[in-house]
1. Order of A:317-327, A:238-248 by packing, highest average Cβ count within 10 Å first?
2. Return the sequence-ordered ³J(HN,Hα) values of the range A:50-56 in whole Hz as given by the Karplus equation 6.51 cos²θ - 1.76 cosθ + 1.60 applied to θ = phi - 60°, using x for Gly and Pro.
3. Positive end of the dipole of the protein assembly as shown, charges at C-beta (+1 Lys, Arg; -1 Asp, Glu), about the Cα centre: which of A:Ala167, A:Asn188, B:Gly179 has its Cα farthest in that direction?
4. Expressed as an acute angle from 0 to 90° and rounded to the nearest 10, what is the orientation of the C-alpha long axis of helix A:129-138 relative to the principal long axis of chain A?
5. With viscosity set to 1.567 mPa s and temperature to 4 °C, compute the Stokes-Einstein D of the range B:166-294, Rh being the Kirkwood radius across alpha carbon pairs; µm²/s, no decimals.
6. Helix A:189-204 against the longest principal axis of chain A: what's the angle in degrees, Cα atoms only, rounded to the nearest 10?
7. Semi-axes of the equivalent ellipsoid of the range B:162-236: what are they in whole Å, largest first, if each equals the square root of 5 times a C-alpha gyration tensor eigenvalue?
8. Add +1 for every Lys or Arg and -1 for every Asp or Glu among the other residues with Cβ under 12 Å from the Cβ of A:Ala128, and state the total.
Protein chains: 2
Amino acid sequence: MRVKLSDVARDAGVSAATVSRAIAQPELLSSETLARVRASAQRLGYLPDGAARALASGRSMTIGAIVPTLDSAIFARALQAMQATLAQSGYLLLVASHEASPAAETQAVRALLGRGVDGLMLVGAERAPETTALLRASGLPVVLTWCGDGHFTAVTIDNAMAGRLAAEHLISLGHRRIGMIVGHLQFNDRQRARLAGARLALEEAGLSLPDPLVVEQSLTLAGGRAGCAMLLDLDDRPTALIGGIDLFAIGCLEEAHARGMAVPDDLSVVGIDGLDMSAHVSPGLTTVHVPTGRIGNLAAQTLIAMVAHRPVQQETLLPVELVVRRSSQAHIAL
Amino acid sequence: MRVKLSDVARDAGVSAATVSRAIAQPELLSSETLARVRASAQRLGYLPDGAARALASGRSMTIGAIVPTLDSAIFARALQAMQATLAQSGYLLLVASHEASPAAETQAVRALLGRGVDGLMLVGAERAPETTALLRASGLPVVLTWCGDGHFTAVTIDNAMAGRLAAEHLISLGHRRIGMIVGHLQFNDRQRARLAGARLALEEAGLSLPDPLVVEQSLTLAGGRAGCAMLLDLDDRPTALIGGIDLFAIGCLEEAHARGMAVPDDLSVVGIDGLDMSAHVSPGLTTVHVPTGRIGNLAAQTLIAMVAHRPVQQETLLPVELVVRRSSQAHIAL
DNA sequence: ACGTTTGCTGAAAGCGCTTTCATAAGAAGA
DNA sequence: TCTTCTTATGAAAGCGCTTTCAGCAAACGT
C-alpha cells in the first residue's frame, strides 16, 4: 500500500541501510548514491514511518507539553512559541491539558510517556507525588515552567516578585487598603506565589492583605468581574486591586465601569502577565509584564538541548517588569 | 532498562500475547489471568511503548491538528475542546501551526503524516494543491473546520452568513456607510467569506462596500485599532464598522475611545466570533456568535468516528447567531 | 459416548525502520 | 608491490508490540 523504505531501496538499486542513511546521515553517502536515493524517494512519494523510526531509534522527534488549559492567552502563547521553536528542529508538539486536576495531569504524563515523547514540558512545580515518580523513573528530559522545584530543569519567573512589584507600586502610590483577586490556589503555585509576594510587600510596609481582601476566582474575565464586585461590595472597600492575572484586572476595569466608578480616580487596578490586550484597554492597564513567549521558546530550546545531551542551565529565571499605564494612580486620602 | 511487555509476561507466567490482550481486549481473558497480568503490570510499573504499538497495530491513538496559530483565542478554544474530547477516547493531540503560510502547512502535514497520526484536523478549505494531494494519497481521515471544500469531511460555519448578519444588522439600524476590517485575505478563506457575505448584504440593500472601506490587518487587537484609525481618517468616514473577528471590533472600541468618540453614539461596531471577552467590554460588543468550542468538539468526534469506520456526516454546518449588545445603535441621519 | 463448538492461551511472524558489524574497493603509506 | 587506512555500502539483527493461526480443554449436543 504505502511506499516504504524498501521500495525506495529497490527502486534506487541500493540496500535499505543506504536509504535510511540518506535520510538520517546523508554525509555518509557518496553524492551520486545520495542523489539517486533522493530521486527515487521523491518520485515514489516516500514518507518515513514515524512509529517505525521511533521504535528502531528510540527517538520520536516529539516533545510533550502538559498545561492547565489551552484556552488561555498565556498558555496558548507559550505553546505557540514552543511549537515554533521546536518545528525549526524538526520536533512536533504533543499537547495535553489537565484543567487544574492533579490526577488528570498524572494521566496525561502517563499518556505522553507512553507515546514515547523525547521530552516533556510541564507548568508549575506542584503535582501529585505519583506524577513526579513517573517522571523521574522515565529518565526523560523534563522542563518545568513558571515555577521550578529545585530538582527538575526549569524556565521560570519570580512569581512572588511579580506580586511584590504590583503591591509595591500601589503602596508607593499611597494606597493602604488593597485587595487581590487570585485564581483558585489549590494546585496553582503560580497564583499562590503571586499572592504571597504581594502580601509580603504589604506587610513589609506595615500594611496587610487580610483574607477578606483576597478572593479566589476561576481564571476568566467573568471571574475577575465577580471578584471585583465582591471586593467593592465590602463595607470597607479597597482603593486598589491587584489581579493575579491580567484577565482579572481587565475584569475589574469592566466591573468598575459598569458600576460607574472611574479607574483610576475611584479605583486603581494592577494586573500581572502583560497581555497584549492590556495595553489597549481603557484605561491602559498597569501590569507586571511576564515574558510568556520567551518561556515557551526557552522551554523548547532547553528540551532540545537536553535531548541532545548538551548541558543546560538548571534553572533559567526570566525577569518580570512593572509596566505603568493609566489604570493606577496616587490615592488621595480624604 | 525500561519494563517491557515480555517482562510482565514472564512475571505473570503468561505469554506476551496474553499481556497484549490484557491491555487491548481484556474481555478475551479469563478474569483470573487478567487479574494476574494486571497485578504484574502494576507492580512492575509497566507502560506500553507507543511506537511499538503504533508500528504493530497501525494506529497511533494520536490525532493531528494544524491551525494558523495557537496564539489566538479562537483556535486555542477549538483545540482545547478537541483535546478534551479526544482525551476521553484515549487520543492525544499533535499540533502544528503554519502562520498563514501554505508552504508551512504542507510541511506540517508531511510531518504529522510521518508521525502516523490517525486523523487530521485542518482549518479552512484553501491550501496548496500539494497539501491536498498529500492528504488524499494518505487516505487518512481528514476533517476541515470553519470552511469546507465539498470533498473532505468538514465541520463548518457559514462565514458568509456571519458577514451578512453583521451587515444586515447595521443596515437595519439605518447605517448607510459601513466599513470593515478583515484579516489578510490571502490564504484565509474564512475572512474572505465573511467579507463577501457582508458585501453581498450591502449590495442587496442597494448599498456597497467599496474597497476603500475595507482594510486588511493582521489578526490582533492592534490590527483592529490600526484598521479603525484608517477608516475613521477617511474623508467620508463610515458610521459603522464590522470587525472580521471580534478582536478587531474590540480594537475599534479602544481606538474610538482613544479618539474621544462615543460608541455607539458616534460609531456603531459589530464583531464576528463571539469571544467571551466581547460580552464584558464596554460597551458590550454586538457580535455574530460562532460556536468555536463546538467546532472543536465535533471535529474530534467526527475524527474518532472516521478512525473507527463509523459513518459520519459529510459536512456539519453549525449555526451562527447575531448577539445584539450595546456597541451598535440606530444611525440618525443629520 | 463421541463429534463439535466455545473459551482461553501460546507460538511466531511480522510492522518499517535503525544500526552494528562486516566487507569491498580505493587511497595512501612504506 | 604489499600492507594499512579510509570510505561507501550491504546483511542482518533487532526495537516492543499486535495479531493471525493453532491448540487444548472444557462444555455442549445428540
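1. Values: A:317-327: 16.9, A:238-248: 29.0.
Ranking, from highest mean packing down: A:238-248, A:317-327.
2. Here the 3J(HN,Hα) series is x, 4, 5, 4, 4, 5, 6 Hz.
3. A:Asn188
4. Approximately 30 degrees, to the nearest ten.
5. Values: Rh = 14.2 Å.
Reported coefficient: 91 µm²/s.
6. Long axis of A:189-204 versus the principal axis of chain A: about 30 degrees.
7. Numbers: eigenvalues 75, 49, 20 Å².
So the equivalent ellipsoid measures 19, 16, 10 Å along its semi-axes.
8. Details: positive: A:Arg110, A:Arg127; negative: A:Glu105, A:Glu126, A:Glu130.
Net charge around A:Ala128: -1.
Bear in mind these aren't lab numbers, they're just calculated from the coordinates by the rules spelled out. For clarity, every value in this text was computed on a predicted model and none was experimentally measured. Heads up, the Cβs are rebuilt from the backbone with ideal geometry, glycines too, and the neighbour counts pull from every protein chain shown.
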